[in-house]
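This report concerns only the one structure given below.
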Amino acid sequence: MDSETARRNAEVGDEIWKWTVGGGILVTALAPLALPDLPEAIGRRLCDEHLLDPERYWLPVPPSSVSAQEPSFEPNRGPGWKLRYWRGPTWVNSAWMLWLGLVRLGYSEQAEHMAKVVETTLLREGLREYYDPYTGEGLAAVDFAWSALAMEMAAPDLEAASRSYL
């Protein structure tokens, strides 16, 4: 890697870190994990320090849509929570993108775990818009199409997933 590429990679890593440091921010800050050309060091840092942290995103039905350490994380705080889209629920489309990163970076055990939990949750709850990150309860819209991405996670083409589909 030449020095200019290394400098740019460091800048990208610093920007991603700004969005994820401190326990907060939406799971979308981890979306670069789906990119096949994300430098491995940045991807591993996002996984090890954020995604796989059971106090942040790696809850029983991972990943939560906001870090569990974020003050706005509000699971199970009354009936209004079920309409608070990005304040804690697990979305299958986000899980799929981060699963791609786990596969690409060689986190096989964690990728398999996520796929199995999401598959089990969908088989029990159906294709829902999003799911409770602790119990897997299906929430909001029913027969929600993008939750069908779980089928790809359940029976993946790991070679293609490691290159990403994006």
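Estimate the FRET efficiency between residue 162 and residue 53 by the formula 1/(1 + (r/R0)^6), using the beta-carbon distance for r and 25 Å for R0, to the nearest 0.05. Before the final figure, lay out the partial values.
Details: r = 23 Å, r/R0 = 0.93.
After rounding to 0.05, the efficiency reads 0.60.
Residue by residue, what Karplus-based ³J(HN,Hα) values in Hz, rounded to whole numbers, does segment 121-127 have, using 6.51, -1.76 and 1.60 with θ = phi - 60° and x for Gly and Pro?
4, 5, 5, 7, 9, x, 7
Compute the distance in nm between two label points, each set 7 Å from the Cα along the Cα-to-Cβ direction, one at residue 116 and one at residue 37.
It is 3.6 nm.
Provide 64, 162, 94, 72 in ascending order of the number of other Cβ atoms located within 10 Å of each residue's Cβ, fewest first.
Ranked by crowding around the Cβ, least crowded first: 72, 162, 94, 64.
If we count other beta carbons within 10 Å of each Cβ, what is the order of 108, 65, fewest first?
Arranged by neighbour count, lowest to highest, 108, 65 become 108, 65.
Taking 0.36 nm per residue of separation and subtracting the Cα-Cα distance, what length does fully extending residue 134 through residue 72 add?
That pair, residue 134 and residue 72, stretches by 20.7 nm at full extension.
Using the Karplus curve 6.51 cos²θ - 1.76 cosθ + 1.60 with θ = phi - 60°, work out ³J(HN,Hα) for each residue of segment 138-144 in order, rounded to whole Hz, and write x for Gly and Pro.
Result, rounded to whole Hz: x, 10, 6, 4, 9, 6, 7.
Under 5 Å between amide hydrogens, which residues at least 5 positions from residue 66 or on another chain qualify, with H placed 1.01 Å from N in the peptide plane?
Here 27, 88 satisfy the definition.
Every number in this text was worked out from the coordinates using simple rules, so none of it is lab data. What you see is a predicted model, and the numbers here were worked out from it, not measured in a lab. Cβ atoms come from the backbone with ideal geometry, glycine included; neighbour counts cover every protein chain shown.
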